[in-house]
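First the structure, in the form of structure tokens, and then the observations on it.
Nothing in this text is a laboratory measurement; each read-out follows from the coordinates by a stated rule. Here the structure is a predicted model, which is why all the values come from computation and not from measurement. All Cβ positions, even for glycine, are placed from backbone atoms using ideal geometry, and neighbour counts span all protein chains on display.
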Amino acid sequence: MHTEHLQNVRTLPALGGWLVAIGATSLLVFVFIASGLLGPDGGEELWVSLALIVGFWTGGYFAGFRAMQAPILHGIALGLTSILAWFLLNLVASLFFPTFRWEALTPALTAGLLLGHIVAAVVGALMGYNMALRGRPTLEEHPPEGVASQPE
């Protein structure tokens, strides 16, 4: 039985995975700042992108491991949660600070970061899902229940 159905998406593992992803990303950014890789002089897109991808891979792994169903949809849910949080942050910021504007991100960089962290979350969720069900973090789909897997 394939588990990629919307009714198999659980809210708490998805939100928990998003919180883990945000925490891991923040930790990596702080480590990069402390090590001098990130600074005030710019040119830091590579390190921020790396922190974002590793952080959301970690959050996806957590969500896939905890949910044990619909890993691809749980990974996408992490990305949609980020878009929703970004929208709410912009809404609140524009209400309380009318002169507030995002100026650091170009549209291409924003789209790339969104796509990158959604892909990282899906890959992490697949690996966490397979780790929970098979005992090893692979990207291959597990066989349906009741069907014997191929010997290795």
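For this structure, a couple of remarks:
- Chain lengthening between residue 97 and residue 111 when straightened (0.36 nm per residue, less Cα-Cα): 2.5 nm
- Mean residue ellipticity at 222 nm, helices only, the chain: -23500 deg cm²/dmol; runs of at least 4 DSSP H residues each add -39,500 (n - 2.57), and the sum is divided by the number of residues.
- For the chain, the longest site-free run once chymotrypsin sites (Phe, Trp or Tyr not before Pro) in DSSP loop states with at most 14 other Cβ atoms within 10 Å are removed: 1-99
- Working from Cα pairs under 8 Å separated by at least six residues, relative contact order for the chain is 30 percent.
- Most mobile listed residue (128, 23, 59) in the chain, GNM with C-alpha springs under 10 Å: 23
- With respect to the chain, whose longest principal axis is taken over its alpha-carbon atoms, helix 11-34 is tilted by about 50°.
- Mean-square fluctuations from a GNM of the chain, with a 10 angstrom spring cutoff on Cα atoms, peak among 120, 14, 108 at 108.
- Fewest-first sequence of 122, 92 by Cβ atoms within 10 Å of each Cβ: 92, 122
- The GluC sites (Glu not before Pro) of the stretch 1-109 that meet both conditions, a loop assignment by DSSP and at most 12 other Cβ atoms within 10 Å of the site Cβ, are 103.
- Sites residue 84 and residue 46, calculated FRET efficiency, Cβ-Cβ separation with R0 22 Å, nearest 0.05: 0.25
- Listed residues 91, 126, 113, most fluctuating in the chain (Gaussian network, C-alpha, under 10 Å): 91
- Sparsely packed loop sites in the stretch 49-145 (the trypsin sites (Lys or Arg not before Pro) outside DSSP H, G, I, E and B with at most 13 other Cβ atoms within 10 Å) comprise 101.
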